[in-house]
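Report on the following structure.
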Amino acid sequence: MTYIKGQFKKAIFEGDNGYTIGLFKISETDSEDLKDYINRSITFTGYFHDLNEIDNYIFYGKLITHPKYGDQFQTEKYERVKPEEKDAILEFLSSSIFKGIGKRKAKKIVEVLGKDTLNVILENPSNLVLIPTITEKNAKMLHDKLIEYESSYKTIIKLSDLGFSNKEAMKIYNCYREKCEDIINNDIYDIVSRINSITFKRVDYIYLNNGHDKEDLNRVKASICYVLRTLMETYGHSYFKEEEILYYLPRVLGFQVTESTYEIAMEDLEIDLKIVKKENRIYLFESLEAEEFICKRLRLLSHQKPLKDKSIEEEIKQLEEYMNIDYNKEQEDAIRDAYLKNLLIITGGPGTGKTTILRGIIELYKQTTKLNNKKLQEKITLLAPTGRAAKRMSEVTNFKASTIHRFLKWNKDNDTFAVNEYSKSDTEIVIIDEASMIDMFLFYNLLKGLHTNTKIIIVGDYEQLPSVGPGQLLQDFIESKMIDTIHLNTLYRQDDDSSILTLAYNIREKVFDEKIFNINEDLTFIKCRDSEVINKVLLTSETFKDLSYKDFQVLAPMYKTINGIDNLNIHLQELFNPKTRTKKELIIKDITYREKDKVIQLTNMPDDNVYNGDIGIITRIENGKNKAIYIDFDGNIVKYTPSNFSNFKHAFAISIHKSQGSETDVVIIPLVKSFHKMLYRKLIYTGVTRCKKKLFLIGDIKQLDFAIHNESNLNRRTTIKEFLINGIK
């Protein structure tokens, strides 16, 4: 029997009985036949209880050659490789605790001093100076810090022995410090709520693997919180019913919990302020806290007396002359109220003049304060939920705009904000665009970072998709009728020969009218069978090959299926950026990326000024020993290495959710039966309203009719509206 050592990469097939086919990257083997696979992935088969991409494994078995699929490693047994003590020491020394050391220096130190590294440094730090590149300053700093953290490496090693990776152990230690031992022994599941990158399933596996009873009360309590959090993230509700928890809980626990154990667990969670029960509603504590805080602040702002300015009418007349615009009553009211009131919502569909109003508000402040842009930016802050929306806001107003995360100085590593209730921003006026995209937790953190008298102007279209995170803030705010709201109803961006806005407003009003298609050049429906959609998309796209990557976009509701985003990207890449001898390529998880590819950012990377939803172009690929990909986001060149290659993917086609907050000249949207479960009114409305000049819908027109009348995904359970109307009791 031979062995392979390395990392599980991904599952290709998983059966109900644990049978798995997947990919495994080999770092070590005793087989000559497998030597060529070192640092490469091989297909493996076998029966597995649990695999993850963090730990190292040893698979025991034999190499076979499948007549159709080629080389495969047939696994008979396997084991997780526990980190060696020197590995934990290396991770510890290269952590942020020891400034100026880093991976390379730490590796040299451990190579020379071995398992006794830390004791040697503590006893005689001068030994370090004999190691190349280690200075006296490094040695002194290491010695001093080790005295300070003498017990911490033992904690890290203990965490490694429990089953956490070195990286996870460092994160846990940095989070809890001196409380680490107590957490490990008494409340290990708290790690899930404090460290986003360590999942419940990971902690649960380690907990059970270290001999704990699956019916342990701590595990039941943690599982209840996990169920609530997962349901909240999946459905966007802020509270749930008891029967929903009881339905999903056995799936997590692996057994049916007794009524008495469940009741004890719920009582303990209430006492520990992990959950709150109000009548028949069950909240995670942080959900109710966020909702109550938001409503208290907005009620406070809405009850403050507005500014009195007798010259405001004259100021608006001067503004009209300067801007060469005749505002209608809605626009004039919006600009006046934004200037005088402490809290205002401005809402309307596409083409109703929201951009014109934003420009007018800023120019009015310039006019009345006589401040230049730089000084005015200390007084006024423009915010949007995504990088693309912030960039667009900045372009249309000619005024600096930022993402909310960037404004709050978000720390990605520990998911905290430097601008918070203890360190508030001094800005006086905040204007938020694309507000339908803001979830309740982000808005809660924004309000905590603002003074109670900061003026807030909220702009958005609540007919668009709600936030990815929980809540439906803009809709709840407007429907409560407790916050002053200007509804923009007059269309300005519609020419006589335009049909796109007609379609958008038909969707808002739940009207399906097939007659509006293929009359004007801006709106086309190409009817075809599902099997023909890919070819029709490619034929239509071919017409726009010469457009800038910013001016053309394919949007789809789903990633999977033959007409989904993943398959569309494969075909569109060959159309827009085919393989040539001069373009370098790199394969990442079976996907080929090449220079000049269009890609989309999937996560926030504030240190690099790139955010979820930003679209860029791959400008350079280094595929030698030190692999790297350079992506240009509108002049901001960001370098990616294997550690963060998963932070982007192709963007020739993207999801409608990811397109929110942006506008594109030409948009193509496939509509097929396989998308049926994902088609609903707000989704299709959001997709249609991303388009400025030409919109092509391709596929089955019955699916459009279905989507327009389907509101099953619209209603989220929240208490924001109730709290705004009735106050908090």
Please report Rg (one decimal) and Dmax (integer) in Å for the Cα set of region 357-515.
17.5, 58
Distance between the C-alpha centers of region 235-254 and region 632-670? Whole Å please.
34
Determine the sum of side-chain charges near K241: Lys and Arg each +1, Asp and Glu each -1, restricted to other residues whose C-beta is under 15 angstrom from that of K241.
+1
Here the percent of antiparallel bridges among DSSP beta bridges lying wholly in region 15-136, to the nearest 5, is 85
Could you grab the relative contact order for region 218-327? Cα pairs under 8 Å, six or more apart, rounded to a whole percent.
25
If each K or R counts +1 and each D or E counts -1, the residues other than G661 whose Cβ falls under 12 Å of its Cβ total 0
Scoring region 372-504 by relative contact order with C-alpha pairs under 8 Å, at least six apart, yields a percentage of 21
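Once you charge only the Cβ atoms, +1 for Lys and Arg and -1 for Asp and Glu, what is the size of the charge dipole of region 216-319 about its Cα centre, to the nearest 20 debye?
Its charge dipole is roughly 400 debye.
Stretch T135-R177 to full length: gain in nm at 0.36 nm per residue minus the Cα-Cα span? It would help to have the intermediate numbers written out before the result.
Values: separation 42, 0.36 × 42 = 15.12 nm, distance 2.79 nm.
Here the answer is 12.3 nm.
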Which Cα, out of F706, H657, L695, lies furthest along the positive dipole direction of region 590-729 (beta carbon charges, K/R +1, D/E -1)?
F706
Run the paramagnetic zone check for L547: 7 angstrom along Cα to Cβ, then residues of region 669-683 with backbone nitrogen under 18 Å.
669-671
The summed charge of the E320 Cβ neighbourhood (under 9 Å; Lys/Arg +1, Asp/Glu -1) stands at -2
With angles folded into 0 to 90 degrees, how steeply does helix 354-369 sit against the dominant principal axis of the chain? Use alpha carbons for both and round to 10.
80
Per the 1.4 Å probe, what fraction of the accessible area of the chain, in percent, lies on carbon and sulfur atoms?
47
Provide the percentage of antiparallel DSSP beta bridges, counting only those with both residues in the chain; round to the nearest 5.
60
Farthest positive-ward along region 428-541 dipole, Cα basis, beta-carbon charges - from I429, L447, T502:
L447
List the relative contact order of the chain as a percent without decimals, with contacts defined as Cα pairs under 8 Å and 6+ residues apart.
9
Give, in whole angstrom and from largest to smallest, the semi-axes √(5λ) of the equivalent ellipsoid of region 145-274, with λ running over the eigenvalues of the Cα gyration tensor.
30, 15, 13
Furthest towards positive pole of dipole, I188, F200, M141, structure part region 141-207, Cβ charges
F200
Using alpha-carbon coordinates alone, the radius of gyration and Dmax of region 81-219 in Å work out to 16.4, 54
Dipole size in debye (nearest 20) for the chain around its Cα centre, Lys and Arg Cβ +1, Asp and Glu Cβ -1?
1540
Tell me which aspartates and glutamates have Cα within less than 19 Å of K694's Cα, excluding those fewer than 8 residues away on the same chain?
D495, D496, D497, D513, E514, E521, D522, E542, D546, D551, E663, D665
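Translational diffusion coefficient of region 34-138 at 10 °C, 1.306 mPa s, Stokes-Einstein with Kirkwood Rh over Cα pairs, in µm²/s as a whole number.
D = 93 µm²/s.
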What does the highest-first list of 141-147, 690-696, 413-419 look like by mean Cβ count within 10 Å?
690-696, 141-147, 413-419
In degrees, nearest 10, the alpha-carbon axis of helix 152-162 is tilted away from the dominant principal axis of the alpha carbons of the chain by 90
Where a ≥ b ≥ c are root eigenvalues of the Cα gyration tensor, a/c under 1.5 meaning rounded, otherwise prolate if a/b exceeds b/c and oblate otherwise, region 599-685 counts as prolate
What full-extension length gain, to one decimal in nm, is calculated for D161 and I325 as 0.36 nm per residue of separation minus the Cα-Cα distance?
52.0 nm
Note: probe point = Cα of K583 + 7 Å toward Cβ; backbone nitrogen < 16 Å; residues of region 645-659 passing the test are 649-653
DSSP beta bridges in region 598-729: the antiparallel percent, rounded to 5, is 70
Roughly how tilted is helix 242-253, in degrees to the nearest 10 and between 0 and 90, from the longest Cα axis of the chain?
30
Using R₀ = 41 Å, calculate the FRET efficiency as 1/(1 + (r/R₀)^6) where r is the Cβ-Cβ separation of V120 and N411; round to 0.05.
0.75
Working only with C-alpha atoms, what are the Rg and Dmax values of region 439-488, expressed in angstrom?
11.6, 30
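Would you mind calculating the gained length between E270 and L63 on full extension (0.36 nm times residue separation, minus the Cα-Cα distance), in nm to one decimal?
Contour length minus Cα-Cα distance gives 69.1 nm.
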Pairwise FRET efficiency - E532 versus H451, Cβ, R0 = 56 Å, nearest 0.05
0.45
Can you give me the accessible area per residue for region 114-182, using a 1.4 Å probe, in Å²?
52
Karplus-derived 3J(HN,Hα) from phi for region 385-401 (6.51 cos²θ - 1.76 cosθ + 1.60, θ = phi - 60°), whole Hz, x at Gly and Pro, runs x, 10, x, 5, 5, 5, 5, 5, 4, 5, 5, 7, 9, 6, 9, 4, 10
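The values are calculated or read from the model by the stated rules, or taken from the named source; none is laboratory data. Predicted model only: the values in this text are computed from it and were never measured. Please note: Cβ atoms are built from the backbone with ideal geometry, for glycine as well, and neighbour counts cover all protein chains shown. Note: accessible area is taken over every heavy atom of the protein model, side chains too, but ligands, DNA and RNA are not part of it. Shrake-Rupley method; radii C 1.70, N 1.55, O 1.52, S 1.80 Å.
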